[in-house]
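See structure below.
The values are calculated or read from the model by the stated rules, or taken from the named source; none is laboratory data. All values derive from a computational prediction rather than experimental measurement. Reconstructed Cβ throughout: ideal geometry from the backbone, glycine too, with neighbour counts over all protein chains shown.
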Protein chains: 2
Amino acid sequence: MCTKRNIYLQMKSLEEARRIVLDSFGDRLMPAEIVTAPEAVGRVLAEPVAARLSSPHFHAAAMDGIAVKAQTTFGAHPSRPKTLQIDRDAFFVNTGRVLPAGTDAVIMIEQVQRLDDRRIQIEAPAFPWQHVRKMGEDIVATEMLFARQHLVTPYCVGALLAAGRFEVKVLRRPRVVIIPTGSELVEWHGKPQVDLRPGQAIESNAYVLGKLTETAGGSYERLSLLGDEVGRIADAIRKAVRDADLVMLVGGSSAGSEDFARGAMEQQGEILVHGITMMPGKPTIVSRVEGKPVFGMPGYPVSTIMAFEQLVQPLLARMLGQPPFQRPTAQVLPTRKIASKLGVEEFVRVKIGQVGRRLVATALPRGAGQITSITEADGIIRVPAHVEGLAEGQPVTAELLRPLAAINQTLVAVGSHDNTLDLLADELRAQAAHLSLSSSHVGSMGGLMAVKRGVCHLAGTHLLDEADGSYNVTYIRKLLPDLPVRLVHLVMRDQGLIVPAGNPKGIRGIEDLARNGVVMINRQGGSGTRILLDYRLKQLDIPPERIAGYGNEEFTHMAVAAAITSGAADVGLGIQAAARALGLDFIPVVTEQYDLLIPEVHFETAAVQELLTVIRSERFKTRVADLGGYHTERTGEVLL
Amino acid sequence: MCTKRNIYLQMKSLEEARRIVLDSFGDRLMPAEIVTAPEAVGRVLAEPVAARLSSPHFHAAAMDGIAVKAQTTFGAHPSRPKTLQIDRDAFFVNTGRVLPAGTDAVIMIEQVQRLDDRRIQIEAPAFPWQHVRKMGEDIVATEMLFARQHLVTPYCVGALLAAGRFEVKVLRRPRVVIIPTGSELVEWHGKPQVDLRPGQAIESNAYVLGKLTETAGGSYERLSLLGDEVGRIADAIRKAVRDADLVMLVGGSSAGSEDFARGAMEQQGEILVHGITMMPGKPTIVSRVEGKPVFGMPGYPVSTIMAFEQLVQPLLARMLGQPPFQRPTAQVLPTRKIASKLGVEEFVRVKIGQVGRRLVATALPRGAGQITSITEADGIIRVPAHVEGLAEGQPVTAELLRPLAAINQTLVAVGSHDNTLDLLADELRAQAAHLSLSSSHVGSMGGLMAVKRGVCHLAGTHLLDEADGSYNVTYIRKLLPDLPVRLVHLVMRDQGLIVPAGNPKGIRGIEDLARNGVVMINRQGGSGTRILLDYRLKQLDIPPERIAGYGNEEFTHMAVAAAITSGAADVGLGIQAAARALGLDFIPVVTEQYDLLIPEVHFETAAVQELLTVIRSERFKTRVADLGGYHTERTGEVLL
């Protein structure tokens, strides 16, 4: 171990790295192949397409009525109607049918009076070509329908078929081979479930990259997982470049002792880039093997996604003659300062909400290992390398991952975490599919501050007033004295001590936290649970310094439960639902009140009223009760 | 013929019709089916998905280095380094690997000094959990990953696999059966090419609807083309509703004598809507057969697309628990007044261009039969029923069919039509794929006016000064005296008389237009070709009244050629390329100068400069010469 260490080549900026990729591999379009017009949807035309047929390819009636030669109708007037002979001067036609020879106009059937079997009468003249779709009105044979490199849409199929272009030449999809590596990874495939040993993880990046490849217009083949042997990886690269247009090796691309990607690439070709001043995505490799692009993609899921979107996708677009993909953007206001490292271009994932007239953005966790930081994101804010961070409330551009229309239909909850909020989000989709609920967990006090700063529609809160045992109202009066707000009761919930199954350390109450050999996991300052703990410790006269682990903080009940499951701690204060979810034991301490604080300005909006309807529904209450440790007798009551 | 006529039921507004559709059929979600996580991309979750595994599901090193128990490092300092014993106090780990039992922190390898085989030295303490990805940091088992009705993205695949959700329940795609009808239609399928008889057209609507269905999340089956017999159509509907979730009958939906759709639907079920105050799309039918939605889609291609997008797509979205699809929008300025009928909601297709700081929109042809009016559109402007029209230059909302980023990279040409502009558009894609060129044909004078009003980047023009035989400059000086502009020579081109192959009427020159028995087709007023004709007629002292067909106008050379091919006219003035394209004869009259007028403010932009590079390229000139009737000796010269 720790024998040989790769080091990064001179770090490149993202812009430099992208230029190297496009300059090295972006000079050739994909070869062409022939497909039928309907199959061409989503594909790129390899050559300009000209019409073979005109449309219409004859003069066609545009109305139901009679076809006439306009000249024969001149002079007709209500006072001097003209009589025309059927099948000599006038011919019945229906919309879309060919105009009989010698005619050049159609009179609508409503304006024709039938005299008998052989004659009709009209009271107004027709002008030439009235109610006629002339030959070539839409498409003239030989005219160019679409320029080359046009992206074919469903609409285009109509034009192609009408113009007699039943088959077209399109650019072949780039063939991408994806080689996942890593001896710590296991394949999920074919397994309904999997029991992981410590140290193992499911290989998922190659599938994500494959699906992103398809979205970018390519096709992909994922090879079976390889271990960390340079020789086997090099061999796989050598075989892959034969047929592939592009290869992605996943994992092992950083500069550590077990990172074999670069070694394998060096055996087969030439390294062009190793190390990019972007975050996530730094340990990305670009190499050339037999003239083909071979990328070393980072192993962290968000890094690999960013490396794909910033380097691989632009190359695929270029191979398909398309302009680089650009997401729609919007100006957003960060709800808090976003720090960033100088010299690194950072991609910060954010939740975005339309709160009143402001589009506010809350940063998600920054770790490159957290896939949920991108699955939960509504947008990405780029912090350029020369900027040290973004100030709160200063407008900044975000690339949107969800359409603004969907973001506008999202209720933004910022505050205390409770499992019933996830359940509420799900029940909202079930009962009001056009709405969604997005939650950020910053504790009860954080929620009150978010309401004060106008960055959310609602805040979950359970703040105990030590003086009278009441919840929330005292804090609201004190911290938001001038802001009109409403308070809606959500649930009563049991808080207590979460301990491993079987309670190995025999914990019975708060007083045991100070016992020797007991390590706790705490919640962050400002959370209702932390206030509750501190209140109880004061009542019991236990100074926090006496409690091991008091300084280790987590942000959610589930994270506390996870810390206990993992053995990182022996005990933590949390809700019963979290203990139950992970099969842990629970010692009740108190039943507390969990409410939703809603600024008056949002309370009467349709979205909030629909949310309240869901909260008051029997289905929601039943599902809450099923979680265990909750009481819903007064759920939905308006307290303020 | 003309025996029985359906009449519309009471016309519904689009909003009423959509409400009837959603109220009648929008109450049930699709049933669920199980797919693997990668297959779930683009699908909708049928139930909330909770994690089965935590991620990481162990405490993992987040750096390459040594794992330690933080406590054992306390007190380390550069002046008092601490020595740790390998494999007792300190364990080498690589990123992603499991933390050895008893350790709770990682020290980066860069900060570790190796003393010998058994000992290392550190100069700073580790704090607990530094450089550790704690169990459940990303995902905690049992936590909800996604609410029901979540649309699965490639990113989601990463979260699903990491969380051990290898298979998920998704809503089955709605099965849509599409039944094309119409005895005038022919099938293209399996034919490399087809010779249409007059009165025939290719059936294309059913394919367009099928591809739109796929885009909306459904799957489709297109039945073979049926004739116009009510019985067979009714039979097809009866069979289709057995397995389908939704049926679209295409064609025959209006109120004419051959429109059998309603009759067939009445036989099998109940008509809910027939006739909607929208344009295009009026003759749409909504019916219920065996509880299933059966739509009668109009036969005109743009009508059928609008009916799909306004009525069928919202229902498919509802069946999949999705909010209604909304296109991104932008505020645009109409370049001319857009008239509209009171009482009808109109969908006007427009080309959109970013010209300077303004986003300008030019209406495309309004006919429901013109598929190219939607394939060429960048956006759609809705004119509500209570509005009679839109004023020029008044900002109005357009739904975007192409991303703004692509629209911003489009050069807008408004002016005279010439076939070399199509060729230029194609060559531009070939040589500068990020750019495109969009042309609207309004004649040379229209082009000058468009430049004056600032609604285009360039205008094609060939305006003859009768006084000195020069082109364009006189008009520019007179009409745009204060606007700084540049003039770039594009081509010299032969204008002449286009006549049917073999020249059956023996036409030799302009003087023959006034001959008895000769009918001409003219170009619109303000076009350079019209000015040329009028100039020649004046020279020859021929009054226009003496020319049959002088009052019939077309807007392009190709349309003039098409009119002659169809027999609608005997002769017209136009360019040789148009005659050659349709196999017509050509009698040269004059060689004229065709230039591009470019406002100074746009001339130095990168896009225009790239366009000039393409114009000056040998490849472009060679392709122009191949069209016939063009001369490129001075192509690309800057004249002003």
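Observations
The rows are residues; the columns are (1) surrounded by fewer than 16 Cβ atoms within 10 Å (Cβ to Cβ); (2) under 13 Å from residue A:420 (Cα atoms).
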| residue | (1), (2) |
| --- | --- |
| A:578 | no, yes |
| A:591 | yes, no |
| A:599 | no, no |
| A:617 | no, no |
| A:621 | no, yes |
| A:627 | no, yes |
| A:637 | yes, no |
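- Unique match (being at pLDDT 90 or above and not assigned by TED's automatic domain parsing to the domain that holds residue A:41) among A:101, A:105, A:147: A:105
- Filtering region B:409-453 to residues that are of a type in the set (D, E, K, R) and either within 14 Å of another protein chain (Cβ to nearest Cβ) or assigned to a strand (DSSP E or B) (or both) leaves B:418, B:422, B:426, B:427, B:429.
- Given (1) in contact with an Asp or Glu (Cβ under 7 Å, 6 or more places away or on another chain); (2) at pLDDT below 90, index of the condition residue B:48 fails: (2)
- Residue under evaluation residue B:565, criteria (1) polar (S, T, N, Q); (2) surrounded by 18 or more Cβ atoms within 10 Å (Cβ to Cβ); (3) closer than 14 Å to residue B:493 by Cβ, criterion not met: (3)
- Taking the criterion of being under 29 Å from the mean Cα position of the chain (by Cα) and either under 17 Å from residue A:55 (Cα atoms) or more than 10 Å from every other protein chain (Cβ to nearest Cβ) (or both), the residues of region B:221-234 that qualify are B:221, B:223, B:224, B:225.
- Among the residues of region B:243-263, those identified as of a type outside the set (Val, Ile, Thr), at pLDDT 95 or above and in contact with a Leu (Cβ under 8 Å, 6 or more places away or on another chain) are B:246, B:248.
- Failed criterion for residue B:569 (all others in (1) in contact (Cβ under 8 Å) with a residue 60 or more places away in the chain; (2) not in a strand (DSSP E or B) hold): (1)
- The lone exception for residue B:209 - which of (1) closer than 19 Å to residue B:325 by Cβ; (2) touching a Leu at 6+ places or on another chain (Cβ under 8 Å); (3) more than 7 Å from chain A (Cβ to nearest Cβ) it fails: (2)
- Selected residue (criterion: farthest from residue B:83 (Cα to Cα)) from residues of region B:118-129 that are within 12 Å of chain A (Cβ to nearest Cβ) and assigned to a loop (DSSP other than H, G, I, E, B): B:129
Listed here are the residues, each with its yes/no results for (1) facing chain A (nearest Cβ under 10 Å); (2) surrounded by 19 or more Cβ atoms within 10 Å (Cβ to Cβ); (3) among the aliphatic types (A, V, I, L, M); (4) without any contact (Cβ under 8 Å) to a residue 24 or more places away in the chain.
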position	(1), (2), (3), (4)
B:299	yes, yes, no, no
B:306	no, yes, yes, no
B:311	no, yes, yes, no
B:318	yes, yes, no, no
B:331	no, no, no, no
B:337	no, no, no, no
B:376	yes, yes, no, no
B:379	no, yes, no, no
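- Some residue of region A:258-268 being in contact with a Phe, Trp or Tyr (Cβ under 6 Å, 6 or more places away or on another chain) and crowded, with 19+ Cβ neighbours inside 10 Å: no
- Of all residues making up region A:137-168, the number that are assigned to a helix (DSSP H, G or I), among the aliphatic types (A, V, I, L, M) and facing chain B (nearest Cβ under 7 Å): 4
- Some residue of region B:57-72 being at the interface with another protein chain (Cβ under 9 Å from one of its Cβ atoms), outside any strand (DSSP E or B) and touching a Lys or Arg at 6+ places or on another chain (Cβ under 8 Å): yes
- Scanning region B:536-562 for residues that are touching a residue at least 24 places away in the same chain (Cβ under 8 Å) and not in a helix (DSSP H, G or I) turns up B:542, B:547, B:548, B:549, B:550, B:551, B:552, B:553, B:554, B:555, B:556.
- Test result for residue B:76, more than 13 Å from chain A (Cβ to nearest Cβ), in contact (Cβ under 8 Å) with a residue 24 or more places away in the chain and surrounded by fewer than 18 Cβ atoms within 10 Å (Cβ to Cβ): no
Yes/no per residue for (1) of a type outside the set (S, T, N, Q); (2) surrounded by fewer than 21 Cβ atoms within 10 Å (Cβ to Cβ); (3) modelled with pLDDT under 90; (4) under 30 Å from residue A:113 (Cβ atoms):
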residue	(1), (2), (3), (4)
A:1	yes, yes, yes, no
A:4	yes, yes, yes, no
A:10	no, yes, yes, no
A:14	yes, no, no, no
A:20	yes, yes, no, no
A:35	yes, yes, no, no
A:42	yes, yes, no, no
A:53	yes, no, no, no
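- Where a residue in region B:596-616 is of a type in the set (A, V, I, L, M) and its partner, wherever it lies, is surrounded by fewer than 16 Cβ atoms within 10 Å (Cβ to Cβ), with Cβ under 6 Å and at least six apart: B:614/B:431
- Subset of region A:80-101 that is more than 10 Å from chain B (Cβ to nearest Cβ) and out of contact with any strand residue (DSSP E or B) (no Cβ under 8 Å at 6 or more places or on another chain) - its residue that is farthest from residue B:260 (Cα to Cα): A:80
- Residue check, residue A:466 more than 19 Å from residue A:598 (Cβ to Cβ) and assigned by TED's automatic domain parsing to the domain that holds residue A:588: yes
- Selection from region A:565-577 of residues that are of a type in the set (Gly, Ala, Ser) and either in contact with an Asp or Glu (Cβ under 9 Å, 6 or more places away or on another chain) or more than 10 Å from chain B (Cβ to nearest Cβ) (or both): A:568, A:569, A:572, A:574, A:577
- Test: residue in region B:199-211 that is over 17 Å from the mean Cα position of the chain (by Cα), of a type outside the set (Val, Ile, Thr) and closer than 30 Å to residue B:152 by Cα: yes
- Meets criteria (closer than 25 Å to residue B:39 by Cβ and surrounded by 16 or more Cβ atoms within 10 Å (Cβ to Cβ)) for residue B:182: no
- In region A:183-199, residue nearest to the other protein chains (Cβ to nearest Cβ) [restricted to those that are under 19 Å from residue A:371 (Cα atoms) and at pLDDT below 90]: A:199
- Test: residue B:341 is assigned to a strand (DSSP E or B) and either within 14 Å of chain A (Cβ to nearest Cβ) or not polar (S, T, N, Q) (or both): no
To keep it simple, each residue is scored yes or no on (1) modelled with pLDDT under 90; (2) outside the structural domain of residue A:471 (by TED's automatic domain parsing); (3) crowded, with 20+ Cβ neighbours inside 10 Å; (4) under 28 Å from residue A:299 (Cβ atoms).
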| position | (1), (2), (3), (4) |
| --- | --- |
| A:368 | no, yes, yes, yes |
| A:373 | no, yes, yes, yes |
| A:401 | no, yes, yes, yes |
| A:405 | yes, yes, no, no |
| A:408 | no, yes, no, no |
| A:411 | no, yes, yes, no |
| A:417 | yes, yes, yes, no |
